[in-house]
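The next block holds one structure in the form of structure tokens; read it before the comments.
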Amino acid sequence: MKFKNFDELMELVKGKTNRIVIPGANNAEVMQACKMGVDSKIISGGVLIGPKAQIEEVTAKVGLDISNFEIVDISDTAGMCNLAVDFIRQGKGDFLVKGSVDTKFYMRAILRKDIAAVKEGAVLSHFVLFELAKYHKFFVVTDAAILIKPTVEEKVKIINNSVDIMRDLGIETPKVSVVCPVEKVNPKIQSTMDADALVKMNKEGLIKNTIIEGPYDVYITFSKELAQKKGINDAQVPGEVDIALMPDLGSANILYKGLSFFGEGCKSATILGGVNFPVILPSRTDSPLTKLHSIALACFLEETAKAETV
């Protein structure tokens, strides 16, 4: 990993020229994160879209200097989201940050074919990068927001999205745990059947640049010691997992929010996988710090993409 914690990530992106585009900018948490980003010198400006009077009220409340931001006065939610992706296409911003807009309108705008936001052959998936006091490195939970009951084929694409991002972050061969309720394949538990299929595809070289193991429960996923107690002794993933692939949106979302609410020393960042430019998709109830770290992660990925094109 090119950074050990979110504090190091913040230092790596400090002083970069990153312009954000925010549909629904009349949101106190997002504007607080934006102010923190400006103060930390990871945001240089951007476009704030939404009801102008409300945006000005919120930015004044959080103390954000809007002199380097353009405000676009609009109250229609779908219109805000469409304008936001248009501004990205026009080069007025480097990445999107979701404000007070419904996720369905945000996603519809991103999925517009004329925007070409989605990578060819990919699906969009939700990527949450966690830093916890009780785990020794970053790890990812996916997919907590997009695909409700992903098929095996969709799970392959979710894995590929997460692996691509983790490789950009410096992990050449990320370790994936296919998380299930139990560690044995059971025809009555579809997630274990999916896990078995994904592991076989990985061994056959059909899913590249990663090590996939499972089915594993949460204990096995995050603890080598507990894995050994269950008779799993020669595995590479337990206690070293980089990506926790959850069975479906329901379980992933519960884990994501459970860790965010109860996790000791929890810090996180949320973005979309499968896109051609960074897109931030936090929950509306995520803290300003989570939104700030999401912005920092987007800045890092944008700088990485720029470096690869030079």
Filtering the range 227-273 for residues that are of a type in the set (K, R) and farther than 15 Å from F130 by Cβ leaves a count of 2
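Okay, residues lined up against (1) free of Cβ contacts under 8 Å to residues at least 12 places away in the same chain; (2) within 22 Å of the chain's Cα centre (by Cα); (3) assigned by TED's automatic domain parsing to the domain that holds L259; (4) more than 20 Å from V163 (Cβ to Cβ):
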site	(1), (2), (3), (4)
T192	no, no, yes, yes
T210	no, yes, yes, no
V218	no, yes, yes, yes
I232	no, no, yes, yes
L249	no, yes, yes, no
Given (1) in contact with a helix residue (DSSP H, G or I) (Cβ under 6 Å, 6 or more places away or on another chain); (2) surrounded by fewer than 21 Cβ atoms within 10 Å (Cβ to Cβ), I42 misses just (2)
Flagged in the range 42-56 as over 17 Å from P288 (Cβ atoms) and either over 26 Å from the mean Cα position of the chain (by Cα) or part of a loop (DSSP other than H, G, I, E, B) (or both), in numbering order, are S44, P51, K52, A53, Q54, E56
**Asked** Is at least one residue of the range 252-267 under 14 Å from F95 (Cα atoms) and among the hydrophobic types (A, V, I, L, M, F, W, C)?
**Response** no
Per the filter on the range 275-310, residues among the β-branched types (V, I, T), under 19 Å from F138 (Cα atoms) and either crowded, with 24+ Cβ neighbours inside 10 Å or touching a strand residue (DSSP E or B) at 6+ places or on another chain (Cβ under 9 Å) (or both) are I280, T290, I295
Within the range 240-274, residues being out of contact with any strand residue (DSSP E or B) (no Cβ under 8 Å at 6 or more places or on another chain) and of a type in the set (D, E, K, R) number 3
Picked from the range 169-191 (must be β-branched (V, I, T) and part of a loop (DSSP other than H, G, I, E, B)), the residue surrounded by the most Cβ atoms within 10 Å (Cβ to Cβ) is I171
Those strands (runs of 3 or more DSSP E) completely within the range 64-149 that have 2 or more residues that are without any contact (Cβ under 8 Å) to a residue 60 or more places away in the chain and touching a Leu at 6+ places or on another chain (Cβ under 9 Å) are 69-73
*Going by the structure shown, is K188 at pLDDT below 95 and either touching a helix residue (DSSP H, G or I) at 6+ places or on another chain (Cβ under 9 Å) or under 20 Å from P150 (Cβ atoms) (or both)?*
no
* To do: Inspect all residues belonging to the range 244-253 and state whether any of them is closer than 18 Å to V140 by Cα, touching a Cys at 6+ places or on another chain (Cβ under 7 Å) and buried (at least 19 other Cβ atoms within 10 Å of the Cβ).
  => yes
Among helices (runs of 4 or more DSSP H) entirely inside the range 222-310, those with 1 or more residues being within 26 Å of N27 (Cβ to Cβ), out of contact with any helix residue (DSSP H, G or I) (no Cβ under 7 Å at 6 or more places or on another chain) and aliphatic (A, V, I, L, M) are 249-262, 288-309
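The values are calculated or read from the model by the stated rules, or taken from the named source; none is laboratory data. These numbers come from a predicted model, not from an experiment. Don't worry about glycine lacking a Cβ; one is built from the backbone with ideal geometry, like all the others, and counts go over all protein chains shown.
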